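Here the structure comes first, spelled out in structure tokens, and everything after it is commentary.
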């Protein structure tokens, strides 16, 4: 009898004090306090059995910066003073758990709130314990982990340790240097049966070793690199150019942004990870290589979290005549990202309750470099990605 | 035995001396002379049984301006001097047939190459004879008619004469003033069993009287108002904004162009017809009314046929935060339109050979205001329109 | 002997509750409270004997809306909540004096806080008394009047009553309908020996009758129509295009804004006044008529006081080759206007104390349609206007 | 008696086969053939005694590529086929003289048309002989040299050999490696009493050694780096922002271009030379350092010689409120540059005939990094530069 309430789902963020995580948490707290504005939440109007309600999400997570979330959010300058005041009750109550840091993998970001552990195995054990404690103390039906930490440099993907579940286990035993912090979180989650998504360009659950593990243990994983602004537009426009057979002679993309993400990208190694995930989208959709596809990201402080993208597209049409399309997107990075993160968490949880483990391709619409189940290349066409998602959900688009 | 050649299909343009028609003809003649560049032709890579080859298209048509097409094309300034020289042989050989003119329906465009006829019935008979002669003299398997004439003002759609096939026939008998030139062409085509498409915003085969006639005689018809630049972009972007639940607070669209089309739109009545077809697209895709959706078109001579669109989109995202997207499309009106016209002709011809008459909804992707078979509203989402087309063709997208 | 303090100067705004006036007042109050940020104030770094200090400005004025300025400012949405709180003490203390209204001259703006007067003479007398009372009660050394009210429609400038001081006096006696509210304020100020500037496109002190009066009474007057955003840019760019002999084939200017000013411009008569002052700038600087100079202003609510201008300039350079310049100005109308208004007030007061009456041409840099002393046309070149101002001030540019 | 004809002035270009030089030559030849279109020539309307007429200019010059100018121009794609045909007579007749090349100073550009000389002294002698022969064979009243060659990397400016005329002479004797090709041309010109201007970012007559020599021999010199597109705009806009006290928080400038100039800039050393001359303009005009002033140049082939600049300017205005200005300049590099080069040649020749030697500061308006006579910094404000030029000319602006 009584009113049936939904599942309580815990969302544990790697990088909980960051702009995206604090925005996501503040937003959901606002909804819990009665706001009806669901703008920006892609699945706001979708009703599917088993999908957790926004109000039933509970948040936890790790961060190298141990400040409470209200302070962290104030520093990011994403939320208005008013929003932070309204959500203050909730945000002040939360401080991140100690996190794994590695100057080797991410130079420009550091902090004191570190896990004290003598080796990889002990680190993994701390993370797994955090998840268990979170589940118990918050009385959760289930938990998911989402990586929102600053972009790490790319490891050497050819290292054997990353290429089979067995070698990876041995690598953990020897605290192998090729295993990054992002992978330690992913491993701990998967091993605990907790769905894991990577919203950053870092390498994590997408190494063969961890994909194998997720498949074997039937744990949902997804990634990677959230598709928010410029690349989203690219995957929306390119299919239309292809449909009209307007040949893309060049696509020049430049970005200016001044937030912590931008600062991390000032480390050329981290930038390279980012560009890698941005690069192939266009050629994949168009079916031919665009030789003059340039993508630039610049750290430009006046904007803070307000990101601006300027794209110039040169196309050739009928009779060889040339035309230009220019797109100027004045967006807000975390405002676009936070609701996607929330939907990814809800869908991962639904996948787990449906018993659907391994790579969740239906989440492709949310990622710049979608992980796929096997050899075939990822789908980048935004419209087709949307169809995949709604087909999987069993909902009307 | 010999090589099996395809169907020879005649394309008769209403407004044959205009920029779009001359560009389409020059383009196909270039392909006939051996060019392999098929940029801008949406179905260039599609292989479907029964679809006429580009090389098997033959052109004819009407125009109030009786100049040969080489002179006309030179005047429009769309094609390069080189293109016109190369296509000159073909273009010089063609002069438009006398056309129906009406200062009442289109004020700013006029010419001396007029059909001499005492009433509507005689006019219709001249048009039908033109089609017959074209078929015979050019040894065609079939013919289609495409309306590319300057935009007419809208008639009073409530007039009974436009609302049933029977009343329309009587209206023809009495040379009823509500029947526009565009309708006379459409009627003559349908009555001759010739597929008809309306690429302009004028009212033609979309009055109930003519839709009824097309259905009864099982003749393919389609329309209306070619979707080339700004509106195409709108139907590409709006579904993505909806997918991300970015609420559209306002959409400001302005256009500058300096060609004959722009001059015709200087007549406020013609402009109104244009704006009517542009207006509903956005609300239909988004599912809610955008109160500040402004669309402006300005006649601005420095550009000639080079049209420029500037769009500003104001959206609200997560936590009520505002963002802006600006799209600046430096396009070429006729260069975008001509290949669509060619594909419409090919698909209409295929529909006829398949015995599929009446409204051809699968052509929606090419129109701002797609005609639909019955009560349901048109599909405006560009991606869904593409799927409709390829499903109908039975081809891989 | 004590610290020598500057002159206390009263600034009386026509339209005191509007966005520009409340922003100007809040800004000066912030400076009085100790802020050192003088951004946007053109003469902030200029030191000239006799020029009133920002801290020595005192505000009063009329408005049809009798709300206190804190409420008014909140409604305009220009200032942040924080700014209004900080300035609240000052703003709450001020309510506008009853104002002259006329549905005949300005349709879309109305209010209840009206001067009760049976005719023009009585109205003028009320205004003059307001100025006297202001001077006495606030212990002012001097007063200036600045018109910031909503744009009125243009009167018939050929009316004899507007063309000589003598006829104007008679017109006041008979409450002549050609005399607008803006002229009543201007007359009352000039007659009271109070400098007057018109920051709006309305016709006021620039009718021959009032220019004659100002000259006779040696009262400084200036105008008109504040040069803030798009037109300012135009007068900056056009001289450079001329210097490089880049021929302007067309200049397309469009504006979107959603504040009270925009609403008033929805009355086509008021819009015409605005366009009149914008029109001639370009031809005057370039020395030849730009045939395709189009200027559009659109009321677009999503932006509120945030105005956006998009300009496209088509130029022809060497060898007849064409180029384009596009300028997109995301500005804030009142934020740009308020500091200009403050500087105009300070310079007018300085002119009076220098005994320099009549039209103040050196203020041209602040106006779209600068008033000039005699027959010669106004200077629109921004750089030359700046030089005029600094030469008059006797200051280093 | 007879018609008095003007001075015949020879213009010798370093880099004569390049896009700028061929455009300049074709343009002047068009004028000689009777064209009245003087668009883009800044001094077209200026009448000053002693200033050579456009029709009296005669061209010669050096290039590593020995092709005749008609072939070279066709390759650059700047001029229309029609222009080249019209100017073909003149262009075909001209082949560049052998030039000085140095892979050490300019990596990406090379050619076979090289001066054969065993050392610096012999090279200088060849250049001087070229100038003498040019003067005699073309029956010239005088000659000027303009450097239009590809940008060289910067030498070590601290090298003593570059810092006094005496040391430089010794450096020539020893074929010192610090002396670049550009300096050899400059030295040869100055020593021959021939005025010299540097339109490129390379270091040439601006080393102390050569400035000293020019002063001693009273030979006019000017430079450097032609101010055509983005930087020109910057020096036009920045003074206006300063005049309105709009504080520049950041200025992001990006450029895409695909011509030979762009290719040379793909060598990071050459790019650095370019950025050096672009950097200081802004701070100098504004009077404070703009910390986020980013300038990027990207080689992007689809555009060829059509250069596009996108600037975003973040400013703070009254009450600390933020605004943005975006400028998108679709320009043509050589079309903007060629007429400036012509005017520089004419003014240099005038300076010589007036006996005004040494650095010609009045040419500042044409340069990104104007050379100045002594310690004081250069004037970058476009309006003030224009005034300097017209004051020197003794002409009405």
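The values are calculated or read from the model by the stated rules, or taken from the named source; none is laboratory data. Just so it is clear, the structure is predicted and the values come from calculations on it, not from any experiment. Glycine gets a Cβ as well: all are built from the backbone with ideal geometry, and neighbour counts include every protein chain shown.
Data table
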| quantity | calculated |
| --- | --- |
| Failed condition for residue A:310, given (1) buried (at least 20 other Cβ atoms within 10 Å of the Cβ); (2) more than 8 Å from chain B (Cβ to nearest Cβ); (3) within 21 Å of residue B:384 (Cβ to Cβ) | (3) |
| Residue match in segment A:320-327 (condition: surrounded by fewer than 19 Cβ atoms within 10 Å (Cβ to Cβ) and more than 13 Å from chain B (Cβ to nearest Cβ)) | no |
| Residues (touching a helix residue (DSSP H, G or I) at 6+ places or on another chain (Cβ under 8 Å) and buried (at least 20 other Cβ atoms within 10 Å of the Cβ)) located in segment A:121-130 | A:123, A:124, A:127 |
| Counted residues, segment A:71-86 - those being buried (at least 21 other Cβ atoms within 10 Å of the Cβ) and either more than 17 Å from residue A:305 (Cβ to Cβ) or touching a strand residue (DSSP E or B) at 6+ places or on another chain (Cβ under 9 Å) (or both) | 1 |
| Residue check for residue A:103: surrounded by fewer than 24 Cβ atoms within 10 Å (Cβ to Cβ) and modelled with pLDDT under 90 | yes |
| Residue count, segment D:13-27 (criterion: out of contact with any helix residue (DSSP H, G or I) (no Cβ under 6 Å at 6 or more places or on another chain) and closer than 16 Å to residue D:90 by Cβ) | 3 |
| Of residues in segment C:32-41 being out of contact with any strand residue (DSSP E or B) (no Cβ under 7 Å at 6 or more places or on another chain) and facing chain D (nearest Cβ under 10 Å), the one nearest to residue C:70 (Cα to Cα) | C:35 |
| Selection status of residue D:140, assigned by TED's automatic domain parsing to the domain that holds residue D:349, crowded, with 17+ Cβ neighbours inside 10 Å and over 20 Å from the mean Cα position of the chain (by Cα) | yes |
| Any hit, segment C:280-297, residues being facing another protein chain (nearest Cβ under 10 Å), within 21 Å of the chain's Cα centre (by Cα) and outside any loop (DSSP other than H, G, I, E, B) | yes |
| Residue check, residue C:94 in a loop (DSSP other than H, G, I, E, B), surrounded by fewer than 21 Cβ atoms within 10 Å (Cβ to Cβ), touching a helix residue (DSSP H, G or I) at 6+ places or on another chain (Cβ under 8 Å) and in contact (Cβ under 8 Å) with a residue 40 or more places away in the chain | yes |
| Segment D:47-74, residues that are within 21 Å of the chain's Cα centre (by Cα) and farther than 18 Å from residue D:141 by Cα | D:62, D:63, D:64, D:65, D:69, D:72, D:73 |
| Odd one out for residue A:295, checked against (1) at pLDDT 95 or above; (2) touching a helix residue (DSSP H, G or I) at 6+ places or on another chain (Cβ under 6 Å) | (1) |
| Every residue from segment B:324-345 that is at pLDDT below 95, in contact with a strand residue (DSSP E or B) (Cβ under 6 Å, 6 or more places away or on another chain) and either in a helix (DSSP H, G or I) or within 30 Å of residue A:26 (Cβ to Cβ) (or both) | B:333 |
| Residue that is nearest to the chain's Cα centre (by Cα) [pool: residues in segment B:2-22 that are free of Cβ contacts under 8 Å to residues at least 40 places away in the same chain and on the phi < 0 side of the Ramachandran plot] | B:4 |
| In segment B:42-78, the residues that are within 14 Å of chain A (Cβ to nearest Cβ), over 13 Å from residue B:345 (Cα atoms) and either in a loop (DSSP other than H, G, I, E, B) or modelled with pLDDT of 95 or more (or both) | B:44, B:45, B:46, B:77, B:78 |
| Residues located in segment B:346-365, provided they are more than 14 Å from chain A (Cβ to nearest Cβ), within 22 Å of residue B:381 (Cα to Cα) and in a helix (DSSP H, G or I) | B:347, B:348, B:361 |
| Residues satisfying the stated conditions in segment C:153-178, i.e. exposed (fewer than 15 other Cβ atoms within 10 Å of the Cβ), in contact with a helix residue (DSSP H, G or I) (Cβ under 6 Å, 6 or more places away or on another chain) and under 20 Å from residue C:100 (Cα atoms) | C:175 |
| Where a residue in segment D:23-38 is within 14 Å of residue C:320 (Cβ to Cβ) and its partner, wherever it lies, is outside any helix (DSSP H, G or I) and modelled with pLDDT of 90 or more, with Cβ under 8 Å and at least six apart | D:31/D:38; D:38/C:245; D:38/D:44 |
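Condition check ((1) under 30 Å from residue C:143 (Cβ atoms); (2) within 14 Å of another protein chain (Cβ to nearest Cβ); (3) at pLDDT 95 or above; (4) crowded, with 23+ Cβ neighbours inside 10 Å) across all residues:
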{"residue": "C:180", "(1), (2), (3), (4)": "yes, no, no, yes"}
{"residue": "C:205", "(1), (2), (3), (4)": "yes, no, no, yes"}
{"residue": "C:224", "(1), (2), (3), (4)": "yes, no, no, yes"}
{"residue": "C:228", "(1), (2), (3), (4)": "yes, yes, no, yes"}
{"residue": "C:247", "(1), (2), (3), (4)": "no, yes, yes, no"}
{"residue": "C:261", "(1), (2), (3), (4)": "yes, no, no, yes"}
{"residue": "C:267", "(1), (2), (3), (4)": "no, no, no, no"}
